[in-house]
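These notes concern the structure reproduced below.
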Amino acid sequence: KKTFDVQSFREQFPILKRQVKGYPLIYLDNAATSQKPQVVIDALVNYYSGFNANIHRGIHSLAEEATAAFEATRDTVKDFINASSREEIIFTRGTTEGINLVAATWGRANVKAGDEIIITNMEHHSNIVPWQLLCEEKGAVLKVIPVDDNGELIWEEFLKLISPKTKLISVVHVSNALGTVNPVKNIIAEARKVGALVMVDGAQSTVHLDIDVQDMDCDFFAFSSHKLYGPTGIGVLYGKRDLLLAMPVYQGGGEMIKEVKYTGTTFNDLPYKYEAGTPNIADTIALKTAIDFVNETGKDVMRRHEDELLDYATEQLQQIPGLKIIGQAKEKVSLVSFIIDKLHPQDIAILLDNRGIAVRTGHHCAQPLIDRFCIPGTTRASFAAYNTTEEIDELVKGLHRAIKLLA
Ligand code: PMP
């Protein structure tokens, strides 16, 4: 059984040794992006200094080494999310591109005037705008599952929205603004009754929860490497094989073709059909390192530590006069979004930054959700496994200072 020692875990992240404005960095903006361990940084350097080459086409040794490392990531991702085959793993730039890919290919081919797409009131803009654009193009209708005061989906309202007109439900697995874990399996069960597909936005869930796409039975699942201790610029779209086979291609170019003639082009097999052009080789290779790192550390022990941080932060923050936590779902990941009476989130963040504490403020790219709570935005502290209760104590002190200065 794995154990977790936060101090030795922290040691692996060089950035955590730096100072900001004369204070030790306290990084509480992990839902935006996580910091990178030395092994991931080394993987990038080793690729560029050791075997940089374009992949798939070359016969020379460097090209073979680069191709093997790149494709090894696909196998690692397949196991990490328990896909049934490596053909179901499409590399993208991130969650945003994964959702746009599905909207542009499956969406354009299958959504007609009068059809309905359901999202929730807690979506990130990247899971709103692609569907809005598709609906405008096709004359389809976008429906939104409302959220209650605790930040949970209102199940009865969802049941009223879903019907045989529903073609797709695209839902965030874990809200980046509230931390809510959504009941995706129950949503998928309802979708099956009306023959709708389900896409899950896994941007926030993949680092915190065990992901098993076969058990979940989602049709599409998208996530980003950079929230998972991996590099930016690389992400994954999982899709069920039959759907990916049937869908039209996304971008055209090299790699995605079998044969190109002026009379017509035939397309490559899965997964290459959706991967036009030279991919992000270095970051893809380092994503494998990041996943190996998470697996070796143990997602379960990391989660336990993160849950302790969430409980501690919730308990400590609630004692601050005038502070209100936005999002108190029964099932939550380790982030706390809050407002403080008479204080603007922006001012809070500036004062915290003066003490080296990094938090996020504003609408968190989920503007309709923030509007629903009738607030200008929140301050969000989001925790990774390298955060400590001492850092939360510093956050609490910083908030007391802000109240003294500003309220
Ligand atoms: N969905 C959610 C819930 C997110 O938190 C994010 C990133 N903030 C995204 C989608 C978009 O991810 P990316 O910017 O990496 O494409």
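The values are calculated or read from the model by the stated rules, or taken from the named source; none is laboratory data. What you see is a predicted model, and the numbers here were worked out from it, not measured in a lab. When we count neighbours, we look across all protein chains shown, and the Cβ atoms used for this are built from the backbone with ideal geometry, even at glycine.
Has the range 139-146 got at least one residue that is within 16 Å of the ligand (Cβ to nearest atom) and not charged (D, E, K, R)?
yes
Go through HIS400, HIS363, HIS344 for me and flag whichever is at negative phi and under 25 Å from the mean Cα position of the chain (by Cα).
Details: HIS400 fails: under 25 Å from the mean Cα position of the chain (by Cα); HIS344 fails: under 25 Å from the mean Cα position of the chain (by Cα).
That would be HIS363, the only listed residue that is at negative phi and under 25 Å from the mean Cα position of the chain (by Cα).
What number goes with the only condition from (1) part of a loop (DSSP other than H, G, I, E, B); (2) without any contact (Cβ under 8 Å) to a residue 12 or more places away in the chain that LEU62 does not pass?
Looking at each condition in turn, LEU62 falls short on (1).
Residue by residue through the range 87-130, note down the ones that are in contact with a Lys or Arg (Cβ under 6 Å, 6 or more places away or on another chain) and within 9 Å of the ligand (Cβ to nearest atom).
None - no residue of the range 87-130 is in contact with a Lys or Arg (Cβ under 6 Å, 6 or more places away or on another chain) and within 9 Å of the ligand (Cβ to nearest atom), so the list stays empty.
So ASN150 fits all but one of (1) in contact with a Phe, Trp or Tyr (Cβ under 8 Å, 6 or more places away or on another chain); (2) more than 16 Å from the ligand (Cβ to nearest atom); what number is the exception?
All conditions are met except number (1).
Among the numbered criteria (1) in contact with a helix residue (DSSP H, G or I) (Cβ under 7 Å, 6 or more places away or on another chain); (2) farther than 22 Å from ALA329 by Cβ; (3) within 11 Å of the ligand (Cβ to nearest atom), which single criterion is violated by ALA177?
ALA177 satisfies all of (1) in contact with a helix residue (DSSP H, G or I) (Cβ under 7 Å, 6 or more places away or on another chain); (2) farther than 22 Å from ALA329 by Cβ; (3) within 11 Å of the ligand (Cβ to nearest atom) except (2).
What pairs come up if the first residue lies in the range 371-393 and is part of a strand (DSSP E or B), the second is among the hydroxyl-bearing types (Ser, Thr, Tyr), and their beta carbons are under 6 Å apart, counting only those six or more places apart or on different chains?
As it stands, the answer is THR378/SER337; THR379/THR361; ARG380/SER337, since those pairs meet every condition given.
Please work out if SER8 is loosely packed, with under 14 Cβ neighbours inside 10 Å and at pLDDT 95 or above. Give the derivation first.
Details: loosely packed, with under 14 Cβ neighbours inside 10 Å: yes; at pLDDT 95 or above: yes.
Spelling it out, SER8 is indeed loosely packed, with under 14 Cβ neighbours inside 10 Å and at pLDDT 95 or above.
Can you tell me which residue in the range 40-71 is nearest to ASN295 (Cα to Cα), limited to those that are surrounded by 14 or more Cβ atoms within 10 Å (Cβ to Cβ) and of a type in the set (Gly, Ala, Ser)?
ALA43
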